[in-house]
Amino acid sequence: MALNEMFVGEIVTELLKQLNAISHKSCFCKSSADNLITSIQELFPIIEELKYSGVELPAFRQSQLNRFSETLRGGIELARKVLESGRWNVYKNLQLVRKMEKLEKQVARFISGPMQAHLLADVHHMRFETMERFNRLEQRLDSMKTGSGRWVEEAVKRMEVEGDSNLGGFSGIGLELGKDKVKKMMIERDDLNVVGIWGIGGSGKTTLANEICRDNQVQSYFNNRILFLTVSQSPDLEQLRAKIWGFITGNEPLNYTRKSQCEWGSGPQALVVLDDVWSLPVLEQLIFRVPTYKTLVISRFKFPRRVVNEVYEVVLLGEDESMSLFCRSAFGQNSIPPTANETLVKQIVDECKGLPLALKVIGASLQDQPEMYWINARKRLSRGELICESHENKLLDRMAISVECLKKKVKECFMDLGSFPEDKKIPLDVLVNMWVEIHNIDEEEAFTILMELSDKNLLTLVKDARAGEAYCSYHEICVTQHDVLRDLALHLSNKGEVNERKRLLMPRRDTELPRDWEKNADQPFNAQIVSVQTGEMREMDWFHMEFPKTEVLILNFCSDKYFLPPFIDDMPKLRALIVINHGTTEATLENFSVFTNLANLQSLWLEKVSVPQLSNATVPLRNLRKLSMVLCKVSNSLDPAVLDLPQIFPRLSELVIDHCDDLVKIPLSICKVNSLQSLSLTNCHRLRELPADLGMLKKLQILRLSACPELKMLPPSIGELVGLKYLDISECVNLKCLPKEVGKLVSLEKIDMRDCLQIVNLPTHAALSNLKSLQRVICDDEVFGQWRNLEKTVPNLHVQIAEKWYSLDWLNS
């Protein structure tokens, strides 16, 4: 019997059901029933760990678990007898009490003995290599997603493990052969300044490039000077050129001319990797003729030798490698299991034509499906081969099989991913907020869907050191998607008449709106999601459009000035607005008056813009629940003299201000926003103080202040935040102390105070002893012992020394 079937199946479900009934109805066995409920529920986290790790237990351990399963089955029968026993039969009831106590001891003995010793050992063994390469993600996300954060953490970890073991689709001989050939071109051939990797979408080009960059010999040859940039179909050329030239010259002022390129030649060897290049004119502008640096170009297209001196063509996987990769996705092992239909598996693998991405995605979609489902998939795959002549279009037809098997709501969420620009990281909060608003689900269900899409290789969860500053947060969780999968989402969304599509999406950035939108603008557009990708937009660049059903509007642009679309006035049902600038500086937003009609707006995300001054007259967002300002200029918008936050945002429950370097103080009126449950002021390097009356926020449950180096003290009123569950002061390097009033936070469950270098002494043991709800503290060595002393008083407390997390990923952002 499989482990997850045994524990998550009928046995435990039925036993817990009976025990709950006893707890409510039977006085004489209530104590044992309650203890058993607690003990059995403690098994679930351990079982979930093992379930997701894919560990197969040895026979002797499985036999132990089988015996325990029989014990639980006996418990079901015993529970039924307890429920059926009448109060008058004292002797029988006494016997049942003793049997219940005996069952309670058996369960407790198993949990403290074999279960802990064997199962946790297996889980630890499975994760050992991962723990060496990656630091643990937070056990909970820093919001109300306490139950879902763990699932996301697991999904990220599994994606990281799979990314290493599967090498993104390559394995064994194919990867090493390609790596050796490209290395020789770059290291042994001085006459080759530009080398290319060519292959169709999903063939593993980027994976190969990443492996080359990780190679010790390559890193040594280029003195660890390697810059990896994703170009995409609609790149910001000036920004990319600035990054490359600054990298080559050591961040000298941007003044690249052909003469300066020729003169620059004394620097060390360097490598620039240009991934996902789509056009020759773009490539030519990104290559600098500097003798000491080389360029590696990854593309679906072959470029002339005068530009790319030599090209390695990615070879698709052979029969054995294809089978191994498919089986890892479909069965969790490298070969066909004895219970599977070998002929059917081989036929489906053959239909994938050696393409790594197709093998991974289709394999994952068929996992745990019945044989008839596999037979139907094989038929559909074989029919898809005849639809068109293009290999990549055939790939989309094959990949569509993996999406059609999803539940309707999960499929809708997958198709929503086409709303975001290619090759850009999607902030997790943006995606989850969007799903919550338009699919009538809560955050917990949104995270469940996220994990399901991750499990099926339809998206990737990644850690992201957002901007790389010295005080940046340890990591953020973002979503990325292979461009072929994004193409699939667009392919499925763009069917039907343009006015009737559920999603009205621009596939890539353009200088103007699509012509078919303008041609059909005389009729309303019934899209639920509208996504626009442009450069600078002026008032004259927009035309009249009506969107009576639109609930989400996503505005992606690259500019230092942006006129908000007038048609926002014609979006009466708009619930989520996302404005993201991908330019180099904060953009000035014009036409902010369109906000006056957004009575139903629930969520607003602003990124890399100068936020205009907010007032009750211009922005009466009375139903707004979540406001996020990231990489923004906010000093004008948060002027304490004119801003009355409770008047403008009377229902605001979550406020996020991240990487806003002009924020010095927040308005005092924030203390009167009685609905506020989560306040995040992170990476704000000039924030110096918090309002003295912060304690007025009685509903506040989450307070994040990480990476605010100018913050020197917390107001004593923090002790009045009676509902606070999570306090994050990590990387507040000049914070002098924890005020003794922290000891009044009776609801506090977690404190993160890593890298608080000035705090060497905590409040007294007596002051902290009231933190009875405290479960986890992350801190540095200096205060570790002081927190550990509190564990005797606070029984559920676990104190953890912070692990350092370093990354060079910001070089590529």
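Tabulated data
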{"item": "Enumeration of residues in region 530-543 that are in contact with a helix residue (DSSP H, G or I) (Cβ under 7 Å, 6 or more places away or on another chain) and farther than 17 Å from residue 576 by Cα", "result": "542, 543"}
{"item": "Residue in region 281-297 that is out of contact with any strand residue (DSSP E or B) (no Cβ under 7 Å at 6 or more places or on another chain), in a helix (DSSP H, G or I), touching a residue at least 12 places away in the same chain (Cβ under 8 Å) and under 21 Å from residue 211 (Cβ atoms) present", "result": "no"}
{"item": "In region 564-602, residue modelled with the lowest pLDDT [restricted to those that are small (Gly, Ala, Ser) and open to solvent by less than 10 Å² (accessible area, probe 1.4 Å)]", "result": "583"}
{"item": "Pairs, first in a helix (DSSP H, G or I) in region 560-585, second aromatic (Phe, Trp, Tyr) and crowded, with 20+ Cβ neighbours inside 10 Å, C-beta under 7 Å, six or more apart", "result": "567/547; 570/547"}
{"item": "Lone unmet requirement of (1) open to solvent by 20 Å² or more (accessible area, probe 1.4 Å); (2) in the same structural domain as residue 242 (by the TED database); (3) polar (S, T, N, Q); (4) in contact with a Lys or Arg (Cβ under 8 Å, 6 or more places away or on another chain) for residue 299", "result": "(1)"}
{"item": "All positions within region 725-762 that are open to solvent by 20 Å² or more (accessible area, probe 1.4 Å) and farther than 24 Å from residue 685 by Cβ", "result": "725, 740, 741, 744, 746, 747, 749, 761, 762"}
{"item": "Condition broken by residue 530, with the remaining ones in (1) crowded, with 17+ Cβ neighbours inside 10 Å; (2) modelled with pLDDT under 95 satisfied", "result": "(2)"}
{"item": "Scope region 646-665; condition open to solvent by less than 10 Å² (accessible area, probe 1.4 Å) and either β-branched (Val, Ile, Thr) or in contact with a Pro (Cβ under 8 Å, 6 or more places away or on another chain) (or both); matching residues", "result": "648, 657"}
{"item": "Hey, residue 244 at pLDDT 85 or above, surrounded by 18 or more Cβ atoms within 10 Å (Cβ to Cβ) and in contact with a Lys or Arg (Cβ under 6 Å, 6 or more places away or on another chain) or not", "result": "no"}
{"item": "Scope region 668-710; condition open to solvent by 40 Å² or more (accessible area, probe 1.4 Å), touching a helix residue (DSSP H, G or I) at 6+ places or on another chain (Cβ under 8 Å) and either in a loop (DSSP other than H, G, I, E, B) or among the β-branched types (Val, Ile, Thr) (or both); matching residues", "result": "674, 692, 693, 698"}
{"item": "Any helices (runs of 4 or more DSSP H) falling wholly within region 397-461 and containing at least 3 residues that are within 21 Å of residue 368 (Cβ to Cβ)", "result": "408-416, 443-455"}
{"item": "Helices (runs of 4 or more DSSP H) contained in region 308-379 and holding at least 3 residues open to solvent by 60 Å² or more (accessible area, probe 1.4 Å)", "result": "342-351"}
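The values are calculated or read from the model by the stated rules, or taken from the named source; none is laboratory data. Being a predicted model, the structure only gives us computed values, none of them experimental. Cβ sites come from the backbone with ideal geometry, for glycine too, and all protein chains shown count toward neighbours. Surface areas here come from the heavy atoms of the whole protein model, side chains and all, with no ligands, DNA or RNA. Shrake-Rupley method; radii C 1.70, N 1.55, O 1.52, S 1.80 Å.
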